[in-house]
1. Name the single residue that is farthest from S64 (Cα to Cα) among those in the stretch 87-107 being open to solvent by 70 Å² or more (accessible area, probe 1.4 Å), among the charged types (D, E, K, R) and within 25 Å of the chain's Cα centre (by Cα).
2. Which residues, taken from the stretch 74-85, are open to solvent by 70 Å² or more (accessible area, probe 1.4 Å) and within 25 Å of the chain's Cα centre (by Cα)?
3. Could you look through the stretch 60-99, keep only residues that are free of Cβ contacts under 8 Å to residues at least 24 places away in the same chain and small (G, A, S), and pick out the one that is nearest to E49 (Cα to Cα)?
4. Checking S55 against (1) open to solvent by 80 Å² or more (accessible area, probe 1.4 Å); (2) free of Cβ contacts under 8 Å to residues at least 12 places away in the same chain: exactly one of these is not met. Which one?
5. Restricting to the stretch 15-59, give me the number of residues that are under 30 Å from L107 (Cα atoms) and either charged (D, E, K, R) or at pLDDT 85 or above (or both).
6. Would it be correct to say that A71 is open to solvent by less than 70 Å² (accessible area, probe 1.4 Å), among the aliphatic types (A, V, I, L, M) and at pLDDT 85 or above?
Amino acid sequence: MTTTPDHLPGTPDYDEIKCLQGSDAARRALDYYFKEDAEPTSDDVAWFEASPTVSHEEALVHASDLLRSAAAIAYELANNKLGGTRDLAFSVVYLIDMAKAMLERPLQLVGGKTP
């Protein structure tokens, strides 16, 4: 005759469940999964915002400068690598250069220059 144990391994005792009812950790976990009006997660928070006083042209110029700096870093890293790692680093340089060209296009049009 086989009997079932009163407490199966891996299942919490009633006392453990009762202890968790007032727990802040349990409340936060339940709020995270079941509360619809939960606070925004860190993914929803902007880490960087451009000032609303910056013009579109100034923002494009700044973005172009940032891309130029990123390309310089990637190019320097590529020069110190060999093989596939070097190819990947130069691929980043190429992508940055393409993005920079797309940003500079509106700047050329604003400045009255034709491509």
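1. For the stretch 87-107, the residue satisfying everything is D87.
2. Y75, E76, L77, T85
3. Per the stated criteria, the residue is S69.
4. (1)
5. Residues meeting the conditions: 7.
6. On the way: open to solvent by less than 70 Å² (accessible area, probe 1.4 Å): yes; among the aliphatic types (A, V, I, L, M): yes; at pLDDT 85 or above: yes.
Here the answer is yes, as A71 does meet what is asked.
The values are calculated or read from the model by the stated rules, or taken from the named source; none is laboratory data. The shown structure was predicted, so the numbers you read here are calculated from the model rather than taken from an experiment. Don't worry about glycine lacking a Cβ; one is built from the backbone with ideal geometry, like all the others, and counts go over all protein chains shown. With ligands, DNA and RNA removed, areas are computed over all heavy atoms of the protein, side chains included. Shrake-Rupley method; radii C 1.70, N 1.55, O 1.52, S 1.80 Å.
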